[in-house]
Amino acid sequence: MAQYAHPEVLVETEWLAEKLSDPNVRVVGVDVDTAAYDLAHVPGALGWAWNTQLCDTVRRDILPKEQLEALLSKSGIKPETTIVLYGDSNNWFAAWAFWQLKIFGHKDVRILNGGRKKWIAEGREVTDQVPSYPVTDYRAQEPDLSLRAFLPQVQEAVRQGAVSLVDVRSPQEFTGEILAPPGLPETCQRGGHIPGARSIPWGKACNEDGTFKTYEELKSLYASEGVNESRPTITYCRIGERSSHSWFVLKYLLGLPNVVNYDGSWTEWGNLVGAPVERGAANAAGA
């Protein structure tokens, strides 16, 4: 991991196994399958449900500051606590939680390299016991919106052609063949992608065992599509979760200086009246 721009944001399974009894470390599972935590999780880990605890359930938005403070307080977390996030699907929603925690200024947030898949594959201890921790009085910082792209910013970027747009959805979503992955409810009126976007599915950043690919492999993956430090980058997907995974890779593993996550993503853009949409595969980079 030493090659990554910010290796401190990743921990290996061996490290975590040695830290399970450390009171300054709080482990949190954030899974796509919210029932997975109840079946088996890392000992001492809490479970956060992405669809009820990591979003505003009334407005389509990230957690408001006061709700994040309540969640962290209930989880026994202090501003100085090291939070280690992990999940299924190669840490897809762990990255979503990481992004929100960074928006609200938590200093030490890390992701378990390989996530749930690697922990279980190694035969490490799991439990179905839900831990309890003393409640704290967490106070978050004001949101750092420089990590987040809003619709007007994306529209201006498309008009000027001034950024690299990275669409991290599946190729079938990118071309417009399907509107959303099977079984997922949040959808749009039209299929396709934002004009000028490059198709780089989020899962390409990971190995078969769920760990992140090497720095050189990741650099080559994105550079082949013209994504590098020379231009600002905006990542997007369907509702902003898969794109937070690619945002994490680009910002923390590759160290690109100007990367933001557009969490409005395709469910916002694909429902806009009069918004430009492209369909089909993208042209080759630089064409």
Picked from region 20-34 (must be in contact (Cβ under 8 Å) with a residue 12 or more places away in the chain and open to solvent by 70 Å² or more (accessible area, probe 1.4 Å)), the residue nearest to ILE77 (Cα to Cα) is ASN24
Q) If you check VAL249 against the conditions, is it in contact (Cβ under 8 Å) with a residue 12 or more places away in the chain, hydrophobic (A, V, I, L, M, F, W, C), in a loop (DSSP other than H, G, I, E, B) and open to solvent by less than 10 Å² (accessible area, probe 1.4 Å)? A) no
Selection over region 117-136 where residues are over 13 Å from VAL27 (Cβ atoms) and either aliphatic (A, V, I, L, M) or touching a Cys at 6+ places or on another chain (Cβ under 8 Å) (or both) yields a count of 3
Those residues of region 126-139 which are over 24 Å from ASP61 (Cα atoms) and open to solvent by 90 Å² or more (accessible area, probe 1.4 Å) amount to GLN129, VAL130, SER132, PRO134, VAL135
Expected output for region 193-206 (first residue outside any strand (DSSP E or B), partner of a type in the set (S, T, N, Q) and open to solvent by less than 10 Å² (accessible area, probe 1.4 Å), Cβ below 6 Å, 6+ apart or cross-chain) is TRP202/SER246
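Residues are listed down the side, and each one gets a yes or a no for (1) at pLDDT 95 or above; (2) closer than 29 Å to VAL259 by Cα:
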site: TYR133; (1), (2): yes, no
site: ALA149; (1), (2): yes, yes
site: GLY161; (1), (2): no, yes
site: GLY183; (1), (2): no, no
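Got a sec? Which of GLU186, GLU225, GLU177, GLU142 is free of Cβ contacts under 8 Å to residues at least 40 places away in the same chain, surrounded by fewer than 22 Cβ atoms within 10 Å (Cβ to Cβ) and assigned to a loop (DSSP other than H, G, I, E, B)?
Details: GLU186 fails: free of Cβ contacts under 8 Å to residues at least 40 places away in the same chain; GLU225 fails: free of Cβ contacts under 8 Å to residues at least 40 places away in the same chain; GLU142 fails: free of Cβ contacts under 8 Å to residues at least 40 places away in the same chain.
Criteria check complete, one pass: GLU177.
This table checks each residue for (1) at pLDDT below 95; (2) of a type in the set (D, E, K, R).
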position: GLU18; (1), (2): no, yes
position: VAL27; (1), (2): no, no
position: CYS55; (1), (2): yes, no
position: ILE83; (1), (2): no, no
position: LEU101; (1), (2): no, no
position: ARG110; (1), (2): no, yes
position: GLY114; (1), (2): no, no
position: ALA121; (1), (2): no, no
position: VAL126; (1), (2): no, no
Sole miss for ILE234 among (1) open to solvent by less than 10 Å² (accessible area, probe 1.4 Å); (2) among the hydrophobic types (A, V, I, L, M, F, W, C); (3) in a helix (DSSP H, G or I); (4) closer than 26 Å to ILE178 by Cβ is condition (3)
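Open to solvent by less than 10 Å² (accessible area, probe 1.4 Å), of a type in the set (Gly, Ala, Ser) and at pLDDT 95 or above: does that describe SER75? Steps first, please.
Working: open to solvent by less than 10 Å² (accessible area, probe 1.4 Å): yes; of a type in the set (Gly, Ala, Ser): yes; at pLDDT 95 or above: yes.
Yes; evaluated as a whole, the condition is true for this residue.
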Can we say VAL158 is over 16 Å from the mean Cα position of the chain (by Cα), surrounded by 14 or more Cβ atoms within 10 Å (Cβ to Cβ) and more than 25 Å from ASP38 (Cα to Cα)? yes
Within region 35-59, of all residues that are without any contact (Cβ under 8 Å) to a residue 40 or more places away in the chain and within 17 Å of the chain's Cα centre (by Cα), the one surrounded by the fewest Cβ atoms within 10 Å (Cβ to Cβ) is THR52
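The values are calculated or read from the model by the stated rules, or taken from the named source; none is laboratory data. Just so it is clear, the structure is predicted and the values come from calculations on it, not from any experiment. Quick reminder, even Gly has a Cβ in these numbers, built from the backbone with ideal geometry, and neighbours come from all protein chains shown. Just so you know, the surface numbers come from the protein's heavy atoms only, side chains and all, with ligands and any DNA or RNA stripped out. Shrake-Rupley method; radii C 1.70, N 1.55, O 1.52, S 1.80 Å.
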